[in-house]
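Colleague: Have a look at this one before I ask anything.
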Amino acid sequence: MRYSIFSVLGQALRGQQGWTPAWRDAAPKPAYDVIIVGGGGHGLATAHYLAKEHGIANVAVLEKGWIGGGNVGRNTTIIRSNYLLPGNTPFYEWSMKLWEGLEQDLNYNAMVSQRGVLNLYHSDAQRDAYARRGNAMRLNGVDAELLDREQVRALAPLLAFDNARFPIQGGLLQRRGGTVRHDAVAWGYARAADSRGVDIIQNCEVTGIAIEDGAVVGVETSRGRIRASKVGLACAGNSSRVAALAGLKLPIESHVLQAFVSEGLKPLVDGVITFGAGHFYVSQSDKGGLVFGGDIDGYNSYAQRGNLPVVEDVVEGGLAILPALGRLRLLRQWGGLMDMSMDGSPIIDRTPVRNLYLNAGWCYGGFKATPASGWCFAHTIAHDAPHALNAAYRLDRFATGHLIDEKGVGAQPNLH
Ligand SMILES: Cc1cc2nc3c(=O)[nH]c(=O)nc-3n(C[C@H](O)[C@H](O)[C@H](O)COP(=O)(O)OP(=O)(O)OC[C@H]3O[C@@H](n4cnc5c(N)ncnc54)[C@H](O)[C@@H]3O)c2cc1C
């Protein structure tokens with residue numbers, strides 16, 4: 001069923017009785033060309049692009065829970081492509097371009113909203129670092145504007161410009177950045193992949209990876225063994241656990257990241273604003289709630305729930321730039337599992353096990369990467385070789401030393 005203004009009007013006249021499920025509730029077949037483990041944004045996007053770009057539709061996405069129950073439905077919805085390093089910039093910009101055409105591609109309203117992402121700076125040194133990043137972006141064809149204090153004030157007058165410790169001097173703005181309705185991304189990709197013949201199989205946990213003569217031949221699941229010529233792992237916070245089923249030890253730690261939503265307000269924050277002297281980012285949802293977050297919890301965990309010290313830390317960061325936050329009631333809070341890599345950058349690559357592919361290490365930033373990640377992972381699986389856009393996201397870079405340390409903090413996952 002194609003969604004359009006006409007289908008909405010037609011359904012209104014028929015009492016909304018004619019809507020069909022957005023995707024089939026598929027049962028596993030005995031064998032597939034490709035199995036994708038993990039029905040998050042990245043797994044579903046991979047399935048969509050495998051079918052659409054490479055004509056490989058005999059694909060199953062196996063999800064242990066339900067579509068959208070992982071990080072794809074738990075993040076703070078921010079998209080941007082404001083990266084500095086050569087390995088990252090073209091990849092994230094390609095993602096931004098895919099976001100810009102996503103709703104037409106999927107025939108699904110994902111509420112892509114390019115309201116701008118503004119990184120505040122609080123010192124001369126930080127301004128220089130932002131100018132450098134902005135210049136690198138522009139050299140790569142990515143939009144960036146360095147704003148002074150008055151230009152920031154015109155965009156966000158409620159900010160605390162004269163905070164005694166962290167006065168706001170200006171900001172780096174990417175106008176094409178913004179937000180996207182996160183769970184609609186999962187549903188949109190699921191529906192589009194299903195319409196091309198992909199089986200989306202929920203409540204199907206992968207419990208083993210079958211390997212013969214050094215090559216993957218299928219997976220063991222809670223619903224039985226399923227054979228496959230190729231298997232792609234896109235398990236985000238569970239990457240290490242699932243890769244261990246194939247005997248792989250990943251350079252990844254799993255940490256909890258929390259998100260917060262306030263009660264609904266009249267418009268207060270236009271785009272996305274980030275604090276430059278600590279970790280805090282905020283935007284306002286279409287329903288009016290302020291959506292914000294900060295640092296990871298700081299201890300390793302596979303549980304999707306956070307703890308109170310980070311709540312205090314995030315609110316402190318928020319109050320430093322937006323004192324009005326102190327008057328609000330918090331409506332909801334939750335946690336998700338971050339696959340923190342040792343250099344803060346992702347892995348989209350083959351693995352030492354033949355026909356087993358890995359998509360992992362997204363840290364905080366995997367939502368914005370969803371379209372490009374799926375697109376590149378599909379290419380890597382289809383061609384058994386990476387695309388130029390993900391050539392730097394190699395698994396062996398941790399052995400060869402070709403790291404992509406965007407923040408320059410070293411092997412400290414808690415700081416990426
Ligand atoms: C609070 C929070 C805020 C964030 N904010 C942002 C943001 O603003 N911008 C941004 O770019 N990124 C953000 N992120 C990061 C982003 O959400 C993730 O990097 C990204 O969603 C990970 O990819 P995914 O969507 O495929 O993951 P997921 O949705 O987690 O998908 C992985 C799936 O694998 C499944 N799985 C695991 N093990 C198995 C198994 N054995 N068998 C079958 N299935 C399995 C899981 O159930 C899960 O559904 C945030 C994350 C969190 C938690």
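The values are calculated or read from the model by the stated rules, or taken from the named source; none is laboratory data. This is a predicted model, so every value here is computed, not measured. Counting neighbours? That spans all protein chains shown, and the Cβs are built from the backbone with ideal geometry, glycine included. Just the protein is used for accessible areas: all its heavy atoms, side chains included, with ligands, DNA and RNA removed. Shrake-Rupley method; radii C 1.70, N 1.55, O 1.52, S 1.80 Å.
Colleague: Yes or no: region 363-377 includes at least one residue that is assigned to a loop (DSSP other than H, G, I, E, B) and touching a residue at least 60 places away in the same chain (Cβ under 8 Å).
Modeller: Of region 363-377, the ones assigned to a loop (DSSP other than H, G, I, E, B) are 363-365.
Then drop every residue that is not touching a residue at least 60 places away in the same chain (Cβ under 8 Å), which leaves 364.
The answer is yes; a qualifying residue exists.
Colleague: Report, by residue number, each residue of region 72-89 that is over 17 Å from A372 (Cα atoms) and not hydroxyl-bearing (S, T, Y).
Modeller: Keep residues of region 72-89 that are over 17 Å from A372 (Cα atoms), which gives 73-76, 84.
Scanning region 72-89 gives G73, R74, N75, L84.
Colleague: Here's a follow-up. At pLDDT below 95 and not aliphatic (A, V, I, L, M): which single residue out of G134, G101, G68 fits that description? Step through it out loud before you land on a result.
Modeller: Details: G134 fails: at pLDDT below 95; G101 fails: at pLDDT below 95.
Criteria check complete, one pass: G68.
Colleague: Can you say whether G247 is open to solvent by 50 Å² or more (accessible area, probe 1.4 Å), small (G, A, S) and away from the ligand (no atom under 14 Å from the Cβ), as far as the supplied structure shows? Steps first, please.
Modeller: Numbers: open to solvent by 50 Å² or more (accessible area, probe 1.4 Å): yes; small (G, A, S): yes; away from the ligand (no atom under 14 Å from the Cβ): yes.
In short, yes.
Colleague: Quick one: which residue in G306, G318 is of a type outside the set (S, T, Y) and open to solvent by less than 20 Å² (accessible area, probe 1.4 Å)? Before the answer, list the steps.
Modeller: Numbers: G306 fails: open to solvent by less than 20 Å² (accessible area, probe 1.4 Å).
Being of a type outside the set (S, T, Y) and open to solvent by less than 20 Å² (accessible area, probe 1.4 Å) holds for just one of G306, G318, which is G318.
Colleague: Could I ask something else about it? Go through (1) within 14 Å of the ligand (Cβ to nearest atom); (2) open to solvent by 30 Å² or more (accessible area, probe 1.4 Å); (3) within 30 Å of I321 (Cβ to Cβ) and name the single condition L84 misses.
Modeller: (1)
Colleague: Give me a count of the residues in region 147-164 that are surrounded by fewer than 18 Cβ atoms within 10 Å (Cβ to Cβ) and touching a Leu at 6+ places or on another chain (Cβ under 6 Å).
Modeller: Summing the residues that are surrounded by fewer than 18 Cβ atoms within 10 Å (Cβ to Cβ) and touching a Leu at 6+ places or on another chain (Cβ under 6 Å) in region 147-164 gives 0.
Colleague: Going through E63, E103 one at a time, which residue ends up being more than 11 Å from the ligand (Cβ to nearest atom), open to solvent by 10 Å² or more (accessible area, probe 1.4 Å), of a type outside the set (K, R) and touching a residue at least 60 places away in the same chain (Cβ under 8 Å)?
Modeller: Numbers: E63 fails: more than 11 Å from the ligand (Cβ to nearest atom).
Result of the check over E63, E103: E103.
Colleague: While we're on this one: Using the structure shown, decide if A156 is out of contact with any Gly (no Cβ under 6 Å at 6 or more places or on another chain), more than 14 Å from the ligand (Cβ to nearest atom) and closer than 25 Å to T76 by Cβ.
Modeller: Numbers: out of contact with any Gly (no Cβ under 6 Å at 6 or more places or on another chain): yes; more than 14 Å from the ligand (Cβ to nearest atom): yes; closer than 25 Å to T76 by Cβ: yes.
Yes.
Colleague: Still on this structure: Determine which member of the set N75, N88 is more than 27 Å from H402 (Cβ to Cβ) and at pLDDT 95 or above.
Modeller: On the way: N88 fails: more than 27 Å from H402 (Cβ to Cβ).
After ruling out the rest, the residue left standing is N75.
Colleague: Which numbered condition trips up P167, out of (1) within 21 Å of V269 (Cβ to Cβ); (2) open to solvent by less than 10 Å² (accessible area, probe 1.4 Å)?
Modeller: Among (1) within 21 Å of V269 (Cβ to Cβ); (2) open to solvent by less than 10 Å² (accessible area, probe 1.4 Å), the lone unmet condition for P167 is (2).
Colleague: Collect the residues in region 206-222 that are loosely packed, with under 15 Cβ neighbours inside 10 Å and either more than 9 Å from the ligand (Cβ to nearest atom) or under 24 Å from A51 (Cβ atoms) (or both), keeping them in residue-number order.
Modeller: To start, the set of residues in region 206-222 that are loosely packed, with under 15 Cβ neighbours inside 10 Å comprises 207-208, 212-215, 222.
Correct list: G208, E212, D213, G214, A215.
Colleague: Any idea which of (1) more than 9 Å from the ligand (Cβ to nearest atom); (2) open to solvent by less than 10 Å² (accessible area, probe 1.4 Å) is the one G237 doesn't satisfy?
Modeller: All conditions are met except number (1).
Colleague: Here's another thing I want to ask about it. Is it fair to say G197 is out of contact with any strand residue (DSSP E or B) (no Cβ under 6 Å at 6 or more places or on another chain) and more than 23 Å from G366 (Cβ to Cβ)?
Modeller: Numbers: out of contact with any strand residue (DSSP E or B) (no Cβ under 6 Å at 6 or more places or on another chain): yes; more than 23 Å from G366 (Cβ to Cβ): yes.
So G197 passes the test.
Colleague: Related question: Please find, within region 381-408, the residue that is nearest to W362 (Cα to Cα) out of those that are in contact with a helix residue (DSSP H, G or I) (Cβ under 6 Å, 6 or more places away or on another chain) and assigned to a helix (DSSP H, G or I).
Modeller: Checked region 381-408; the qualifying residue nearest to W362 (Cα to Cα) is N390.
Colleague: Looking at Q151, Q202, Q126, Q169, which one is within 13 Å of the ligand (Cβ to nearest atom), polar (S, T, N, Q) and at pLDDT 95 or above? Reasoning before the result, please.
Modeller: Numbers: Q151 fails: within 13 Å of the ligand (Cβ to nearest atom); Q126 fails: within 13 Å of the ligand (Cβ to nearest atom); Q169 fails: within 13 Å of the ligand (Cβ to nearest atom).
Result of the check over Q151, Q202, Q126, Q169: Q202.
Colleague: Taking the stated definitions as given, is A186 crowded, with 16+ Cβ neighbours inside 10 Å and within 13 Å of the ligand (Cβ to nearest atom)? Steps first, answer last, please.
Modeller: Values: crowded, with 16+ Cβ neighbours inside 10 Å: yes; within 13 Å of the ligand (Cβ to nearest atom): yes.
Taking the combined requirement at face value, the residue satisfies it.
The rows are residues; the columns are (1) buried (at least 18 other Cβ atoms within 10 Å of the Cβ); (2) away from the ligand (no atom under 14 Å from the Cβ).
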| site | (1), (2) |
| --- | --- |
| D297 | yes, no |
| S301 | yes, no |
| A324 | no, yes |
| W334 | no, no |
| M338 | yes, no |
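Colleague: Go through region 26-43 and report how many residues are away from the ligand (no atom under 16 Å from the Cβ) and open to solvent by 40 Å² or more (accessible area, probe 1.4 Å).
Modeller: Summing the residues that are away from the ligand (no atom under 16 Å from the Cβ) and open to solvent by 40 Å² or more (accessible area, probe 1.4 Å) in region 26-43 gives 3.
Colleague: While we're looking at this one, here's another question. Of all residues in region 340-381 being of a type in the set (D, E, K, R) and under 20 Å from D405 (Cα atoms), which is surrounded by the fewest Cβ atoms within 10 Å (Cβ to Cβ)?
Modeller: D349
Colleague: Spot the failing condition for A277; the list is (1) more than 12 Å from the ligand (Cβ to nearest atom); (2) among the hydrophobic types (A, V, I, L, M, F, W, C); (3) in contact with a strand residue (DSSP E or B) (Cβ under 6 Å, 6 or more places away or on another chain), and only one is missed.
Modeller: Just one mismatch for A277, condition (3).
Colleague: Now for a separate question. Does region 274-283 hold any residues that are open to solvent by 10 Å² or more (accessible area, probe 1.4 Å) and at pLDDT 95 or above, and which are they?
Modeller: Kept after step one, since they are open to solvent by 10 Å² or more (accessible area, probe 1.4 Å), are these residues of region 274-283: 274-279, 281.
Those that are open to solvent by 10 Å² or more (accessible area, probe 1.4 Å) and at pLDDT 95 or above: T274, F275, G276, A277, Y281.
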